Amino acid sequence: MPKPKGQTLAEVISGLENLNPADNPVPKCGAGSGWMRASLTQIAQCHTFALLPNGEDSRGVALELHVARELGIPVKQIGEF
C-alpha cells in the first residue's frame, strides 16, 4: 500500500499518535484483503479518524469510514486538525 505523498499525519497533527495502515508490514497473504484486515483493527483503536483529501474515493477508505462511523469514532478532514 503506497503512502500518501506530502506530509504525514504525524507531521500535521503534532502530539497525537498516527496509525497509518501504509506503515504496516506487508501481510503474509500479500493481498489487499490482508492490508484491510490490519487497517480495520487499527480503526478500532482510534479516537478520531483523519480523512485525507479525496480519501473517500478509495474503496478501502470507504469501508474504514463505515466502520469508524459505526463505532462512533469522529471523522474529520485533515484540514480540521
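Some observations on this one:
- Sum of side-chain charges, Ala44 neighbourhood, beta-carbon under 15 Å (Lys, Arg +1; Asp, Glu -1): -1
- Spacing of the two label points (7 Å from each Cα toward its C-beta) at Leu71 and Leu52, in nm: 1.9 nm
- Take every pair of alpha-carbon atoms less than 8 Å apart whose residues are at least six positions apart; their mean separation over the length of region 20-80 yields a relative contact order of 33 percent.
Here, each number is a calculation from the coordinates, and none is a lab measurement. Just so it is clear, the model here is predicted, and its values are computed rather than measured. Quick reminder, even Gly has a Cβ in these numbers, built from the backbone with ideal geometry, and neighbours come from all protein chains shown.
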